[in-house]
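Where a number appears in this text, it was derived from the coordinates with a stated rule and is not lab data. Just so you know, these numbers come straight off a predicted model, no measurement behind them. Note that each Cβ is placed from the backbone with ideal geometry, even for glycine, and that neighbours are counted across all protein chains shown.
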Amino acid sequence: MLGWLLLASVSSSVIPLMDQPPAIMQEQISCEMLTEMKCAEPPLRVISFNMLLDCNDRKLPQEHRWPTRRSRVIEYIRYSRPDIIGSQELQENQRQDLINELGQTYDLFGGEEAIFYNKERLDWISGRCSGRITSALFRDKKSGNHFTVINTHLTFMSAEARLHEAKQLVKAIQSTEGPLIVTGDMNSFPMRPNLAIPFYDGDHLIRVIESSGVRDARLSTTRGHFGLISSTNFSPEKLAPFSGEGEPGVILDHIFVSDLVKVKTHAIDPATVDGLYLSDHFPVVADIFICRPLETPPIGD
């Protein structure tokens, strides 16, 4: 680890709550679903994270430009210990910067919608990149279970293009067998005229994606959602990113899961490193169990 990383300090994170939920939440979880669905312990930690491309760095204050900000991203990844990161917007030089620091533990597959994975926990089996969709098949070394991750970033300015991409995502989901996790920045703006955004198709967009059979991890957790209910730190008042905890209800970034994935905890993490945000989006985090289908009992039993 580089010297400047030793001085970094993560604060305001909800990761400790995810790791050790309050006792009342621990009492609420049912062991039945883990037993019956043959869900493998320990859970996997999945993060969907738009880390912000560096092409427009000149428009940002120096502390939020990638050469300065990357140390915060690296420190947070080490701190949160994810097994999967569905990343968005990272350019080739940014991906290389992360792997240069994290390569002993992590590898990646894909380009701008790259999927990072923990090599100590997971084996990468195969993958495919098609347009704005990256998919990869993994094997969990602890359980032997296989699962697929699909990562995407839907277009921002065009509602028509975004809907088309969502329908392409639905096709990719429906063609996948077995446990599935979908991560992405869906740009799913809700009906909030006060934001002065020229589109409010987010609710419809989420319904289109969920028509494929996946469900939003935030609404499917057994031990609750932690942290914020907004996934960007853009302030409508200041008209600037890195400016606060965002607008409640404006959740652009999501993790979706199939029936064979059970969600233990979910969070939108307002973490800072040395008092500064990691990106203009917050990490969306889910601890999940990969399950095997129930065996059909023989006829007559």
- Note on the structure: Filtering GluC sites (Glu not before Pro) in segment 144-235 by DSSP loop and by at most 16 other Cβ atoms within 10 Å leaves E177
- Item | Full-extension gain in nm, Q104 to I197, via 0.36 nm per residue minus C-alpha separation | 29.3 nm
- From phi via Karplus (6.51, -1.76, 1.60), per-residue ³J(HN,Hα) for segment 87-99 in Hz, x at Gly/Pro: 9, 10, 6, 4, 7, 4, 5, 5, 4, 5, 4, 5, 5
- Note on the structure: The value for segment 65-170 (convex hull of the alpha-carbon atoms, volume per residue, Å³) is 108 Å³
- Query: So how many Å³ per residue does the convex hull of the Cα atoms of the chain work out to?
  - Reply: 142 Å³
- Item | Spacing of the two label points (7 Å from each Cα toward its C-beta) at N56 and Q20, in nm | 4.1 nm
- Using a Gaussian network model of the chain with C-alpha springs under 10 Å, which one of I173, I197, I288 is most mobile by mean-square fluctuation? I197
- Query: Can you run phi through the Karplus equation (6.51, -1.76, 1.60; θ = phi - 60°) for segment 175-185 and list ³J(HN,Hα) in whole Hz, with x for Gly and Pro?
  - Reply: 8, 9, 9, x, x, 9, 10, 10, 10, x, 8
- Item | Residues of type lysines that K119 reaches as a straight line, Cα spacing below 30 Å, ignoring anything fewer than 8 places off in the same chain | K38, K141, K142, K171, K262, K264
- Item | Additional length obtainable on full extension of the chain from T155 to E237, 0.36 nm per residue less Cα span | 27.1 nm
- Query: Under a plain spin-label model, where a point goes 7 Å from the Cα along Cα-to-Cβ, how far apart in nm are E177 and L219?
  - Reply: 3.0 nm
- Item | Stretch gain in nm, segment T68-S126, where the contour uses 0.36 nm per residue and the Cα spacing is subtracted | 17.5 nm
- Query: Mind checking which of L17, L260, L239 has the largest fluctuation in a GNM of the chain, springs on alpha carbons under 10 Å?
  - Reply: L239
- Message: What are the ³J(HN,Hα) couplings of segment 122-139, residue after residue, when phi is run through the Karplus curve with 6.51, -1.76, 1.60 and θ = phi - 60°? Round to Hz, x for glycine and proline.
- Response: 10, 9, 7, 9, 6, x, 8, 10, 9, x, 9, 10, 10, 10, 8, 9, 10, 10
- Message: Largest first, please: the extent of the C-alpha atoms of segment 181-298 along each principal axis, to the nearest Å.
- Response: 64, 35, 18
- Query: Tally Lys and Arg at +1 and Asp and Glu at -1 over the other residues with C-beta under 11 Å from the C-beta of P179: what net charge comes out?
  - Reply: -1
- Item | trypsin sites (Lys or Arg not before Pro) within segment 214-291, DSSP loop, no more than 10 other Cβ atoms inside 10 Å | K238
